[in-house]
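Read through the structure below, which is laid out as structure tokens, and then see the notes.
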Amino acid sequence: MSDVKLAKDPYNVIITGVGGQGNVLVARLLGGMLAKKGFLVAIGETFGASQRGGSVMSHLRISRLAVASPQIPRGRADVIVSLEPAEALRVLALYGNPGTMLLTNSHPIYPVGVIKGELVYPPVAEMEAAITQILPTAYFIDATARALALGNSILVNIVMLGALGRLNVVPFNREDFQEAIALRLATGQLAINLKAFDEGYGMV
Amino acid sequence: MKIFGATKLAETVIQTELCSGCGACIDLCPYFRSYRGKTAYLFPCTREEGRCFAYCPKVEVDPDGLSRFLFAKPYDGHPLGNWRSIHVARAGARVKRQPFQSGGTVSALMYFSLRSGCIRGAILTGRKGLLPVPQLVTRPAGVWRHSLSKYTAAPTLAALNRAIAAGHEALGVVATPCQATAIAQMRMNPLQNRSFRDHTALVIGLFCTWALDFRKFEAFLAERVPLKDIVKIDIPPPPASVLEVYLQEEKREFPLDEIRLLVPDTCGYCLDMTSEFADVSVGVLEGHPELNTLIVRTERGEEIVREAQRQEYIILDDMPVENREHLEWAAGNKKQRGLRRCMETGRLNGEAGTACLRLTGEVTDRILKNGRNGKESPCHT
Amino acid sequence: MSYLIDEGKNASHLLMGNEAIVRGALEAGINVAAGYPGTPSSEIIECFSQVAKERNLYVEWSTNEKVAVEVAAAASFAGLRSLCVMKQNGVNVASDFLLHLASSGTRGGMILVTCDDPGALSSVNEGESRLFAQLLEIPLLEPGDFQEAKDIIPWAFDLSEKIRNIVMVRSVTRLSHASGNVHFGPLPTRVAKAEFRNSGPLLDPETGPMIAMIVGAPEAQHGPQQEKMKRAAEIFETCPFNTYTGPATPELLIITSSACSLYSQEAVSILGLGERVGILKLATTWPLPQRLLKKHLAATPKILFVEEVAPTLEDHVKVVAAESGAEIGVKTFFGKKSGHLPSLGELNPDLVLMALSRIFAVPYEGAPADFSAAVKALAARYAPPRGMTFCPGCPHRASYWSINNALKLDGRGGFVCGDIGCYVMGTMAAGFNTCKTLHAMGSGSGIASGFGKLKQFGVDQPVLSVCGDSTFFHAAMPALANAIHQRSPFTMLLMDNRGTAMTGFQPHPGSPTNVLGEATPALDMEKICRAMGAKVEVSDPFDLEKTRQKLNHLMEYADGAKVLILRRACALSPERRGKKEYEVTVDESRCRGEDCGCNRICTRIFGCPGLIWDGEKKVSRIDEIICVGCGVCADICPAGAILRKEVA
């Protein structure tokens, strides 16, 4: 068991996004890495509506002491990683507190109401400015652009995971990631995923 | 006149079965479509003003405005509307004998107009089985395939809208009274579109007392004759009072009283028997199934009729006074019945967006005085 | 090799609750597993299939839940250990057989795993299955965390074999779809040998025929069944999964089960009430261990019930308290009946925190109120709500488009009876609000069959039903048979998207492969419907006009029951995923936008996520990342502004 200390116990991480973005994979990769390090991990997932453009969210609880509930109590998220900016804000409103660290992709995925022209999705830059006013640690990065530059928007989740690695609040590193991703993917996809991780790592 | 959007039109005209299925709102947009003689509203459109509403001959019709636009005269409620001359007419020597209804004046005029280049396309109604199918015809000979009466409502104006959208110009249309009203409204460019141009060159209106509901008519016939054997359908002038169905081998007759049950409610609201807003109007001459009554209304109509007569595509005679009086009597009756119906149901004037038509009290009174109670005259589309 | 069959000493893995159940069954030496897909239960059969070869299992996706229980029962009758699995709604389907099975009893250990969905996160209802245990008179176990989800399964098999009856194990979404660390035990090495012994005397539990038949003689089987329940209750008194944490005489006793026990622990810990509140976590929730309960009830004046969804434990424990009032004294109860917790929706730590905060008058705030209020205000402004819709390229959107148009054109007020699958969204704007009834699997067609016979009472508009391919085999075939036989003139729209798409492409009897990927006979739905006597047409839903025409024709002319098969694979199916058929673009110069003549029908009505309304330029455009290139929108556009080019 590693001797990495947690800032809090349990340490609460939320991974959120929109169905189809690979949100669940990030939570499981992260959970797997931490469990391997000897932490007690609980992950709660909502993905019933994931394939139909709905919001998806995984709660990750990391502890040295006890199995925590698969749902984080309101206001108690330590880190929120979001693959989509509006989802970041939605989750922050319920689970955030002034000490929460927010890391979000800045590329929006429009809800069906916005696509239809019934609702407005204001510019993300405005949202970013407003959030940073009240939350000291908030990071907005265009992970989608970086993923597309790598050739596939599906890599956005791995770019975000790399960025989370750089923030150094959840105890895992590139080697842990490499080991975890190797268990899940065919060897052919390994290099591009490592590249995506590294790109994300360099973005914050 | 206040113009509303599609949703209001659907509410006041389609859902209330006031729609005659004329096709004026169809093929302008993806929201309205015709199916088996009826107009359907597929999805809600949220526009507050639409051509659909402005063109519809069943809501917010302003006969006075139309009359001033077409004839530069006010609408006075005369049973035959505004006209320049009335004739007895039939197809002339330049027209070979074809299977057409009555005197063949409509087909002859369209044939002439296409040949002479007065129009470059004609919107006519053919049929597929019993179903009337409007079509664009550009070759003169094509006129003859569309020369028989259909007796059921057809979305003729959908074909007009389609032809205009496809870039056709100088179009002739054979229209029922409600369709002629719609075309007149189209020509006024009610939405004040800057790119609007009038692409109609000749509107031949038909005399019409009613048109049958296609579905009901088909069901009626299907129970009585083999549909696929029907060659022609006719309603001979009085005193016959029957609908004739010509089959391959025989002719069957059905009393008009049975047929009238298949008339949709909307025809009861109609004040126009003679297509008052067409360029020329044509019907059967009372007592002479082989001749037509021809009413010339507009200047452009008059020019075409005069030229067609000169080149012997049609033959004109004077209209006997008693025939004209009878026509006025019949048309006046329809006008009065329709007006009464509108008044009884609150569709004369009334709330914006729900009224069928708007008339002054003076014109209303005149119509009610002119009309006399009596049986309808059997003139049809 | 799957980590599920890791045989390493002291092996430990992060497992989903569903995976933990599978590992538990493997450690118990399971032989046969059957189920019907349904969130949140579907991973269980899939996990079994991944290790079927290595562990010599027979695994199947059955036609429906009732058949799944029957298949598993056969294994039990032959002396094997078997498990059947379904979501809560599936138990309703299986309940007829279950009631009879509980009467005849079982031989080899047999477990019914039901994964309930409190809060209906991915269900059309949150009806819970616990009440069935009472109705069926079978024991019910509820694991409280991930480790227990594994450990309780071998224990349940043992119990089943001890009492010779089926045992029900209930999970919930927050266990099934949550993950935690699980320490593995050893996998057995015994080789299964099955024999169905049936030549012994009737009712002989070892050698007789397995027959549930107690006509006029309830004592013959119902008596022994009730004895089994008494025996189970006795065993439950010392069940190692019933645990108590807290002081000897707590001020308040929380009685809880399942994932709610984790919420309770967390709430007590956050409020620092560990010295004042005890938590009795019950794994054996039917029949209740009476002596254990009495002991804990006697030690406290107040009790709070924390459970999902109905007040089931609450009601049953209150009966125990009433019956033993003289011994334990009068108690104060908190829970759903007192209004401290809701009797609908799923619970969470916050709801328990609020209940405890109220009972103990301790204030609690998750985050500073001004911060939460400020962020909520931002969210209201910057985070527009995310409604559900069909995926880009989904055949159902195209199908409903044509169905809507056909119904509107038909103009006689026809309507659609909905059914269960992704196409439930036919009740919403995503499916143009086309469906007007929605109930259980296959019910749309049954209801439509009924509507079709109401002409004599004045209901004579066209009636349609929708039904997916998996649903067709599951429960709609009897409805179609009924309609054909009764001459009910309805039209079934069989939306064949090539698999049980909503739950992740599980095969069904119409699929060419089974759960193990082996080739199997695929039943031909078109031939089946024809052989049954329906008029059948087939259409590609992406051909909007042809589909519409065929449907109008069927509604207009054909008598009796008709079937229109709308065949097109799901956009997420292996055969379509990641493959663009067309490159789609918008010619902005032709786009009519909001003008009269369009009013944004593509974005406003069709609503494919791949099409976006550009409010500034007032034109529609394609979202390259989202669009999957189905090209259907090109046929929606009235101006020909949406262009599609075949991808070479």
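May I ask what percent, to the nearest 5, of DSSP beta bridges between residues of the protein assembly as shown are antiparallel?
On the way: 75 of 158 bridges.
Counting only bridges with both partners in the protein assembly as shown, antiparallel ones make up about 45 percent.
With the cut-off at 49 Å, report for chain C the share of all Cα pairs above it, as a whole percent. It would help to have the intermediate numbers written out before the result.
On the way: 46205 of 209628 pairs.
Summing the P(r) tail past 49 Å for chain C gives 22 percent.
Dimensions of the range C:582-646 along principal axes (Cα, Å, largest first)?
30, 20, 19
Give the Rg/Rh ratio for the range C:1-134, taking Rg as the radius of gyration of the Cα atoms and Rh as the Kirkwood radius, to two decimals. Mind dumping the intermediate values first?
On the way: Rg = 14.7 Å, Rh = 15.1 Å.
Checking Rg against Rh, the ratio lands at 0.97.
Rounded to two decimals, what ratio of Rg to Rh does the range C:105-172 give with C-alpha atoms and a Kirkwood Rh?
Reported Rg/Rh (Cα atoms, Kirkwood Rh): 1.01.
Hey, if you put +1 on the Cβ of every Lys and Arg and -1 on every Asp and Glu Cβ in chain C, which of C:Tyr36, C:Pro512, C:Phe390 ends up farthest toward the positive end of that dipole?
Sorting the options by dipole projection puts first C:Phe390.
At a probe radius of 1.4 Å, what is the per-residue accessible area of B:Leu348, in Å² to the nearest 10?
That residue has around 30 Å² of solvent-accessible surface.
Less than 17 Å from a label point 7 Å out along the Cα-to-Cβ axis of C:Glu251: which backbone N atoms in the range C:267-290 qualify, by residue?
Inside the label zone: C:267-279.
At 222 nm, what value in deg cm²/dmol follows for the protein assembly as shown if DSSP H runs of at least 4 each add -39500 (n - 2.57) and the sum is divided by all its residues, to the nearest 500?
Values: 40 runs with 419 residues, N = 1233.
Calculated from helices alone, the mean residue ellipticity at 222 nm is -10000 deg cm²/dmol.
Please give the per residue volume of the convex hull enclosing the alpha carbon atoms of the range C:185-312, rounded to a whole number of Å³. The partial results should precede the final answer.
On the way: hull volume 22.8 nm³, N = 128.
About 178 Å³ per residue, rounded to a whole number.
Treating only the Cβ atoms of Lys and Arg (+1) and Asp and Glu (-1) as charged, compute the dipole magnitude of the protein assembly as shown about its Cα centre; round to the nearest 20 debye. Write down the numbers at each step before the final one.
On the way: 131 positive and 127 negative charges, 359 e Å.
So the magnitude is around 1720 debye.
With +1 on the Cβ of every Lys and Arg and -1 on the Cβ of every Asp and Glu, and nothing else charged, how large is the dipole of the range B:193-325 about its Cα centre, in debye rounded to the nearest 20?
Numbers: 15 positive and 27 negative charges, 117 e Å.
Its charge dipole is roughly 560 debye.
How big is the range C:292-441 on each of its three principal axes, counting only the C-alpha atoms and giving the largest first in Å?
72, 44, 25
What are the equivalent ellipsoid semi-axes of the range C:243-360, built from the alpha-carbon gyration tensor (square roots of five times its eigenvalues), in whole angstrom, biggest first?
Equivalent ellipsoid semi-axes, largest first: 20, 16, 13 Å.
Volume per residue, Å³, of the convex hull around the alpha-carbon atoms of the range C:505-591? Provide the component values of the computation, followed by the final result.
Working: hull volume 10.8 nm³, N = 87.
Residue-normalised Cα hull volume stands at 124 Å³.
Which value results for Rg/Rh of the range A:36-121 when Rg is the Cα radius of gyration and Rh the Kirkwood radius based on the inverse mean 1/r? The partial results should precede the final answer.
Values: Rg = 14.9 Å, Rh = 14.4 Å.
Over the Cα atoms of the range A:36-121, Rg/Rh equals 1.03.
Along the charge dipole of the range A:58-127, which of A:Leu65, A:Ser82, A:Val120 sits closest to the positive end, that is, farthest toward it, with unit charges on the beta carbon of Lys, Arg, Asp and Glu (+1, +1, -1, -1)?
Of the candidates, A:Leu65 comes out farthest on the positive side.
Just how far, in whole angstrom, is the range C:179-248 from the range C:462-530 if you go by their alpha carbon centroids?
Going from one Cα centre to the other spans 36 Å.
Give the Debye-formula value of log10 I(q)/I(0) at each listed q (0.19, 0.32 Å⁻¹), with one equal scatterer per alpha carbon of the range B:214-259, two decimals each.
The calculated log intensity ratios at q = 0.19, 0.32 Å⁻¹ are -0.57, -1.29.
Arrange the peptides C:142-152, C:66-76, C:345-355, B:298-308 so that the one whose residues have, on average, the most other Cβ atoms within 10 Å appears first.
Values: C:142-152: 26.5, C:66-76: 24.3, C:345-355: 22.0, B:298-308: 18.9.
By packing density, highest mean first, the sequence is C:142-152, C:66-76, C:345-355, B:298-308.
With only alpha-carbon pairs counted, each pair once and no self-pairs, how large is the Kirkwood hydrodynamic radius of the range C:415-549 in angstroms?
On the way: mean 1/r = 0.0649 Å⁻¹.
The Cα-based Kirkwood calculation yields 15.4 Å.
What fraction of the Cα pairs in the range B:82-167, stated in percent, has a spacing above 22 angstrom?
On the way: 1101 of 3655 pairs.
For the range B:82-167, the share of Cα pairs beyond 22 Å comes to 30 percent.
Roughly how many nanometres apart are two label points built 7 Å out from the Cα toward the Cβ at B:Glu362 and B:Gln311?
4.3 nm
Output needed: percent of Cα pairs per 10 Å distance bin for chain B, bins running from 0 to the one holding the longest distance.
Taking every Cα pair in chain B, the percentages come to 5, 25, 36, 26, 7, 0.
DSSP loop trypsin sites (Lys or Arg not before Pro) in the range B:1-95 with at most 16 other Cβ atoms within 10 Å of their Cβ, which ones? Don't skip to the end; give the middle numbers.
Details: sites: B:Lys2, B:Lys8, B:Arg33, B:Arg36, B:Lys38, B:Arg47, B:Arg51, B:Lys58, B:Arg68, B:Arg84, B:Arg90, B:Arg94; in loops: B:Lys2, B:Arg36, B:Arg47, B:Lys58, B:Arg84, B:Arg94.
Those that pass, being in a loop and sparsely packed, are B:Lys2, B:Arg84, B:Arg94.
Which distance in Å, rounded to a whole number, links the C-alpha centroids of the range C:24-60 and the range B:220-290?
72 Å
Considering only chain C, what is the antiparallel percent among its DSSP beta bridges, to the nearest 5? All intermediate terms of the calculation are to be shown ahead of the outcome.
Numbers: 21 of 78 bridges.
So the antiparallel bridges in chain C amount to around 25 percent.
In whole Å, what are the extents of the range C:508-648 along the principal axes defined by its C-alpha atoms, from largest to smallest?
Over the range C:508-648, Cα extents along the principal axes are 55, 43, 24 Å.
Which of the lysines could a cross-linker span from B:Lys251 if the Cα-Cα distance has to be under 24 Å and same-chain partners fewer than 8 positions apart are dropped?
Within the straight-line cut-off, B:Lys251 pairs with B:Lys128, B:Lys150, B:Lys216, B:Lys228, B:Lys232.
Can you give the charge dipole size of the range B:168-230 about its Cα centre, rounded to the nearest 20 debye, using +1 on the beta carbon of Lys and Arg and -1 on the beta carbon of Asp and Glu?
Values: 7 positive and 6 negative charges, 34 e Å.
With Lys and Arg at +1 and Asp and Glu at -1, about 160 debye.
How much of the DSSP bridge set in the range C:243-360 is antiparallel, in percent, rounded to the nearest 5? Intermediate results must be reported in sequence, preceding the final value.
On the way: 3 of 16 bridges.
Taking every DSSP beta bridge with both residues in the range C:243-360, the antiparallel ones total about 20 percent.
Say the dipole of the protein assembly as shown comes from +1 at the beta carbon of Lys and Arg and -1 at that of Asp and Glu; which of A:Met203, B:Val137, C:Leu523 then lies farthest toward its positive end?
Positive-most Cα among the choices belongs to B:Val137.
How much net charge surrounds A:Ser58 when only the other residues with a Cβ under 11 Å from the Cβ of A:Ser58 are counted, with Lys and Arg +1 and Asp and Glu -1?
Details: positive: A:Arg28, A:Arg61; negative: A:Glu45.
Computed value for this residue: +1.
Would you list which lysines come within 25 Å of C:Lys281, measuring only between C-alpha atoms, while excluding same-chain residues fewer than 8 positions from it?
List returned: C:Lys87, C:Lys150, C:Lys162, C:Lys228, C:Lys230, C:Lys294, C:Lys295, C:Lys302, C:Lys318, C:Lys331, C:Lys336, C:Lys337.
Jot down the radius of gyration and Dmax of the range B:262-365, Cα atoms only, both in angstrom.
Using the Cα atoms of the range B:262-365, the pair Rg, Dmax is 16.9, 51 Å.
Binning at 20 Å from 0, report for the protein assembly as shown what percent of all alpha-carbon pair distances ends up in each bin.
10, 32, 29, 18, 10, 1
List the equivalent ellipsoid semi-axes of the range A:116-180 in whole Å, largest first, each obtained as the square root of 5λ for an eigenvalue λ of the Cα gyration tensor.
27, 19, 9
Taking all pairs of distinct Cα atoms, average 1/r, flip it, and tell me the Kirkwood hydrodynamic radius of chain A in Å to one decimal place.
Details: mean 1/r = 0.0588 Å⁻¹.
About 17.0 Å, per the Kirkwood formula over Cα pairs.
Under a straight-distance cross-link criterion of Cα-Cα below 15 Å, which aspartates and glutamates are reachable from C:Lys376, leaving out those fewer than 8 residues away in the same chain?
The qualifying aspartates and glutamates are A:Glu87, A:Glu128.
If you average the C-alpha positions of the range C:277-347 and of the range C:534-581 separately, how far apart do those two centres end up, in angstrom?
What the calculation gives is 54 Å, centre to centre.
The values are calculated or read from the model by the stated rules, or taken from the named source; none is laboratory data. Remember, it's a predicted structure, so these values are computed and weren't measured experimentally. Heads up, the Cβs are rebuilt from the backbone with ideal geometry, glycines too, and the neighbour counts pull from every protein chain shown. Note: accessible area is taken over every heavy atom of the protein model, side chains too, but ligands, DNA and RNA are not part of it. Shrake-Rupley method; radii C 1.70, N 1.55, O 1.52, S 1.80 Å.
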